[in-house]
Amino acid sequence: MVSGFVVGTDVLKTVWRSIEWTDPLFADLPNASIRLQIKDARQLQAVAQHIRQAIAHAPLPLVTLQALQASTGLLASSNVLIRPSLTIYTGDVRNSSQLESGFEPEGWTGVFREVICANEDGAIAAGIKSIWADLFSAQSLFYWQKLGISLQQIHLAVLVQPVLAATAAGKAWANQVSSTIEAVPGLGLPIDRGEVLPDTYQVDIATGSMQAQHLGWKTVYYRLPEQPACLLPSTQVDLSAKVPTLIAQELQPWPLALADQTQYTLNAAQVMTLAHLGKALSETLDSPVEIEWAWLQTDDISNFWLTHVAARSNQPHQSQPTQTITSHSTNLLVTGLPTASGQAIAPAVVLTSQTPQLSFPPGTILVTNTLPTEHLFLLRHAAALVTEQGSPTSHAAILARELGIPAITAATNATQHIQSGTLIWVDGNQGTVHQANPSLALEHPSPLAPSTSAVDSAQIKTQLMVNLSQPEKLAQVRLQAIDGIGLLRSELLAMGILDGLPLHQWLTPSRKPDFIAGMASALEQFAATMGTRPVYYRSLDLASATNSHTTGRSALRGTHRYLVDPDLFDVQLAVLQRVRQAGYTNVHLILPFVRSPEEVEYCRQRMANLGLLESAPMQVWIMAEVPSVLFVLPELVAAGAEGIAIGSNDLTQLLLGVDRDYLAVTPYDERHPAVQRAIAQLIAQAQALGISCSICGQAPVNHPELVNQFVRWGINTISVELDAVESTYQAILQAEQLPEG
């Protein structure tokens, strides 16, 4: 076990009692209950700031300071980790002898931040106070009040441990018969932050065998800085500033070498050592256990350090689908990126460039190298999707999530390892494809309807919309209290109209009226469902990878194609005109991949010719995804752009020179400083120019921690996929409750 010491909850209570409160609202802390109007953001922030400032300026008890000075020399590390340990007690909270029991509330870790700082008593004191301050943040007060938990019930201790120079780290869940282990190179921070998918191992302790192992998606790792951070050695810490800048420089991720990304973090002997450690702890505590561990590089494979052990009533990370796979399948065929959740068992149909023709029976699993736009219609009949190329931001992945079918991308050599007709099990949660036992039948559960009470957009200032292109999902949208449809991708909507034929065949004089009627009818369903709420329709963006198949023309993309091929834009304007004539004025246009003001002027002129800019004018927005928009946005607004929709997927790849279909081999994503600065600049420019600004890429879904940034910068709208609405709503709600600054 790693050494360390605990600052008990009694120290916090002593500090509470030492504060001379001038406001009667806080006079009897911690014995009194603070009754807050949690829907009043200003009151919540004011109360949080008042308490945090008082804690920041309160001196620590002398005995605590002396203990800190004595303890720092006992921790054999230049850096320490300061983390909260929380228990909520029931029973008579005024009498410790009558406390009935304690528990950890679900999700409480989301209101605290762990702190890494230098092993100095002043820095540690500042870190302890920052943990206490998190207990009284606006977000935290909202959380306790919402759960009906009073301050008297909250017992917060602070654990101080040395930070080990770990070669690998992770978590484990164990009982006396089985163990599930997660592992990543370096420190364990990227697991907690959701920046990687760790390697996972499942062990049957009774037989001493590895039941299953899954290679994760590890593109970054964390290590200790070569030099300790420069810290303030004062116990009088002003928490009105950002705490992390006063505690320590935050550890930064380092790119993981490609060779290490494709190797397992632990070998079999190390996995079994951890599993037996978990079993021994489970026997000692007579309960399943959750473990956090670190491994230091030595010749001794048993050189594991346990940094945290807690008794648990269950083993949450040992998922039933994986257990079922291992007992009913013959072997693991391929692994890839888990892209759309769910699981399916069905015969495989392998489509390659050598496949003479598209023959795809409904209810089978599509396995292919890549899925171009003109073949997306196949997904409407597929049980699951496995592709060798692509990423979670590819159009195929986006459509799979809309349709609710499991999908795995970046599954290397899938078309070679899987043969057509083979019964396979696709697990979109784990990113694995197994050969399934023919005697196994899979029950397909009906999708759960979204909760009608989980999302209430009236409670947030930032608009929350959905990205949706499939009419069959509109029944679910009706149950969501959202502000509209922020992105309707016309390419995916057209998929149901094209029926497998290339678009240029539908634009012939004989077929064009049917295409216009079909698109208009589908679009009217969206408009009718939304009522007065807006629907932002993005016109066709034919990417270069599929242009030759789709239109038979040269490689052009975005709005510029309309200048070269006016008929392509005019047929979409005919669709919008029919929708308007049917009485729906809530449909607006987003122009794709805009590069220049001339493109906006051209499109607006053609819209004006059809009367679309007259009474109840149609708004004209542009996608902000080409970096040139950062430099010419004022000119684009002058040309008629009335709003921008930030496409973080394309913006990221164009700024960083990466391909969205090969993100599995790059450590770069929307969190890169260049991308973050670009988004912040676009939001600021939109505010200065008086136009609306939305973000509709995968950034807020893949990295929900960025939502706080977007809200703080002043984003007007966040638009996400349907299955991410509830989590994004919660992220927005928390971000808006946080004190400014």
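The values are calculated or read from the model by the stated rules, or taken from the named source; none is laboratory data. Since this is a predicted model, take the numbers as computed values, not measurements. When we count neighbours, we look across all protein chains shown, and the Cβ atoms used for this are built from the backbone with ideal geometry, even at glycine.
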Within the range 501-537, how many residues are closer than 16 Å to V587 by Cα, over 30 Å from the mean Cα position of the chain (by Cα) and of a type in the set (D, E, K, R)? 1
Out of A639, A624, which single residue is assigned by TED's automatic domain parsing to the domain that holds P566, in contact with a Pro (Cβ under 6 Å, 6 or more places away or on another chain) and farther than 19 Å from G583 by Cα? A639
Give me a count of the residues in the range 44-91 that are part of a helix (DSSP H, G or I) and either within 18 Å of W21 (Cα to Cα) or out of contact with any Phe, Trp or Tyr (no Cβ under 7 Å at 6 or more places or on another chain) (or both). 26
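Considering the range 512-526 alone, what residues qualify as being free of Cβ contacts under 8 Å to residues at least 24 places away in the same chain, farther than 12 Å from L498 by Cβ and surrounded by 15 or more Cβ atoms within 10 Å (Cβ to Cβ)?
So the first thing to find is which residues in the range 512-526 are free of Cβ contacts under 8 Å to residues at least 24 places away in the same chain, and the list is 513-514, 518, 521.
Okay, now just the ones that are also farther than 12 Å from L498 by Cβ, so 513, 521.
Answer for the range 512-526, where residues must be free of Cβ contacts under 8 Å to residues at least 24 places away in the same chain, farther than 12 Å from L498 by Cβ and surrounded by 15 or more Cβ atoms within 10 Å (Cβ to Cβ): just S521.
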Where in the range 348-417 are the strands (runs of 3 or more DSSP E), entirely inside, with at least 1 residues that are out of contact with any strand residue (DSSP E or B) (no Cβ under 7 Å at 6 or more places or on another chain)? none
Only one of Q730, Q685 is part of a helix (DSSP H, G or I) and within 18 Å of A481 (Cβ to Cβ), namely Q730
Filter the range 529-544 down to residues that are surrounded by 15 or more Cβ atoms within 10 Å (Cβ to Cβ) and in a helix (DSSP H, G or I) and give me whichever is modelled with the lowest pLDDT. T529
Scanning the range 463-478 residue by residue, those out of contact with any strand residue (DSSP E or B) (no Cβ under 8 Å at 6 or more places or on another chain) and assigned to a loop (DSSP other than H, G, I, E, B) turn out to be Q470
When the range 93-145 is checked residue by residue, the ones that are out of contact with any Phe, Trp or Tyr (no Cβ under 9 Å at 6 or more places or on another chain), within 27 Å of Q737 (Cα to Cα) and at pLDDT below 65 are E104, E106, T109
Extreme residue, modelled with the highest pLDDT, among residues of the range 82-92 that are surrounded by 19 or more Cβ atoms within 10 Å (Cβ to Cβ) and more than 19 Å from F142 (Cα to Cα): I82
Single residue of A481, A494 found to be assigned to a loop (DSSP other than H, G, I, E, B) and in the same structural domain as M623 (by TED's automatic domain parsing): A481
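Return the only residue of V707, V720, V725 being farther than 19 Å from S469 by Cα and touching a strand residue (DSSP E or B) at 6+ places or on another chain (Cβ under 8 Å). Even if it seems obvious, please write down each step before you answer.
Numbers: V720 fails: farther than 19 Å from S469 by Cα; V725 fails: farther than 19 Å from S469 by Cα.
When all the criteria are applied, what remains is V707.
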Per the list (1) at pLDDT 85 or above; (2) farther than 18 Å from V535 by Cβ; (3) acidic (D, E), residue check on E491 breaks on (2)
The listed residue being within 17 Å of G496 (Cβ to Cβ) and surrounded by 24 or more Cβ atoms within 10 Å (Cβ to Cβ), out of A407, A396, A411: A396
